[in-house]
Amino acid sequence: MTRPEIDCTVYSGWYPLLARLHRQLTSVTSDFAYVQIKEKYGTLRCHLDYGESVDEFTRGVCEVLIGASTDESRSVCEFCGKRGSTRDDLPRIKTMCAGCYRPRRPHAPAE
Ligand SMILES: [Zn+2]
């Protein structure tokens, strides 16, 4: 999969989630652009810019799909994609598996 040139700041553990979200979105409409893909409070956030052909209903479907991915990201390690959980005892909330989780050292994920 070629990554489009977008403002994407999440780690690779979430790429499969993003790839699937992309397939779901493009099956609904192709008239959108990614504005930003980021992590916030340990969950995936994806912001789209919709084209003029996208009506309210279509937009709603896309937002539901994005919401489902955001929910799922709560249980997927952002660094390696394994099953993880949201760690709120770190300086910044992150979702990590047991292997990547390092108490008080959130910026050094294991490869
Ligand atoms: Zn991990």
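In the condition set (1) within 14 Å of the ligand (Cβ to nearest atom); (2) touching a Leu at 6+ places or on another chain (Cβ under 7 Å), Val35 is compliant with all but (1).
So, of the residues in segment 68-85 that are outside any loop (DSSP other than H, G, I, E, B) and either within 12 Å of Leu17 (Cβ to Cβ) or aromatic (Phe, Trp, Tyr) (or both), which turns out to be nearest to the ligand (Cβ to nearest atom)? Outline the logic, then answer.
Residues of segment 68-85 that are outside any loop (DSSP other than H, G, I, E, B), as a first pass: 68-73, 76, 83, 85.
Filter once more, so that each one left must be either within 12 Å of Leu17 (Cβ to Cβ) or aromatic (Phe, Trp, Tyr) (or both): 68-73, 76.
Working: Ala68: 21, Ser69: 18, Thr70: 19, Asp71: 19, Glu72: 15, Ser73: 13, Val76: 9 Å.
Selected residue: Val76.
Residues in segment 86-111 that are of a type in the set (A, V, I, L, M, F, W, C) and within 13 Å of Glu39 (Cβ to Cβ) were compared, and the one that is modelled with the highest pLDDT is Met96. Scoring Thr95 on the criteria (1) touching a Phe, Trp or Tyr at 6+ places or on another chain (Cβ under 8 Å); (2) within 16 Å of the ligand (Cβ to nearest atom); (3) among the β-branched types (Val, Ile, Thr) leaves a single failure, condition (1).
The values are calculated or read from the model by the stated rules, or taken from the named source; none is laboratory data. This is a predicted model, so every value here is computed, not measured. Cβ sites come from the backbone with ideal geometry, for glycine too, and all protein chains shown count toward neighbours.
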